[in-house]
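Okay, structure first, notes after.
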Amino acid sequence: MQPFTKEEVPPALKSHLDSQFSFMTDLSKKMFEGVQRLGQLNVQVAQTMMEESINSAHQLAQTTSPTEFLSIITSQVQPAAEKLRAYEQHVRAISAGVHVELSKTAEQHVPETTRTAAAVAEEVVRRGDEETKKVTERQKAAFDRLTKPINEAQHQNGSGYQPSSQPLKQSMSKPA
C-alpha cells in the first residue's frame, strides 16, 4: 500500500487538518505560557523562601534565651501565612489568565474548524454519491452482460419461455 500523494488528499480534508493543527498549536502555546508563568512563580517563591529561611536560621542561631527563640518563631508565622495567601492568589490569577486565553483562542479557531469540518463532510457525501453511482452502473452492466445471452435466446425462440414438448412423466418413466 502506498502512502497518499498530494493528488489523493482532498483539498477540503487538507484544509480541515491545517485548521485543526493551527487550533491545537495555538492551544498548546497558551497552555505552555501558563505553565511557564507558574514555573516562574514557583522559582520566585522558592528563592524567597530560601532567603527567609537563611535569615531566620541566623536570627535563631543568635538567640540567647528560649523566650527570644519563641518570639522569633511566632513573629514569622503571620508573614508566612500572608505569603502563602499571596502565592494562592498568584496561582489563581495565572489559572484564570490561561482560561481566558484558551477561551479566546477557541473563539478564534472554532468557526474556521467547523467550516472546514462541514466541507469535509460535504466532500465525503459527494464522493460517496459518485462511488455509489459508479458501483450501480458496474452492477447494471454486469447484470446486462449476464442476461444478454438469455434475452437473445428468448428472442430467437419467439416471445419467451417455451416448455419442452415431452411431458415430464414420459421422461421420468423411461427405464434406465
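Residue 107: loosely packed, with under 11 Cβ neighbours inside 10 Å and part of a helix (DSSP H, G or I), yes or no? Yes. List, please: which pairs have Cβ atoms under 9 Å, are six or more places apart or on different chains, and start with a residue in the stretch 86-115 that is farther than 26 Å from residue 45 by Cα and touching a residue at least 60 places away in the same chain (Cβ under 8 Å) and end with one that is surrounded by fewer than 11 Cβ atoms within 10 Å (Cβ to Cβ) and charged (D, E, K, R)? From residues that are farther than 26 Å from residue 45 by Cα and touching a residue at least 60 places away in the same chain (Cβ under 8 Å), there are no pairs.
Within the stretch 34-81, being more than 30 Å from residue 99 (Cβ to Cβ), of a type in the set (Gly, Ala, Ser) and assigned to a helix (DSSP H, G or I) holds for 53, 56, 57, 61, 71, 75. Checked against (1) of a type in the set (Phe, Trp, Tyr); (2) surrounded by fewer than 13 Cβ atoms within 10 Å (Cβ to Cβ); (3) over 30 Å from residue 104 (Cα atoms), residue 69 passes all but a single condition, namely (2). For the stretch 27-59, a tally of residues being more than 15 Å from residue 105 (Cβ to Cβ) and surrounded by 14 or more Cβ atoms within 10 Å (Cβ to Cβ) returns 7.
As for the stretch 122-136, it holds no residue that is exposed (fewer than 10 other Cβ atoms within 10 Å of the Cβ) and either modelled with pLDDT of 90 or more or not acidic (Asp, Glu) (or both). Pairing each residue of the stretch 51-65 that is of a type in the set (A, V, I, L, M, F, W, C) with any residue that is part of a helix (DSSP H, G or I) and modelled with pLDDT under 90, provided the two are 6+ apart or on different chains, yields C-beta distances under 7 Å for 60/69; 60/72.
The values are calculated or read from the model by the stated rules, or taken from the named source; none is laboratory data. Being a predicted model, the structure only gives us computed values, none of them experimental. Don't worry about glycine lacking a Cβ; one is built from the backbone with ideal geometry, like all the others, and counts go over all protein chains shown.
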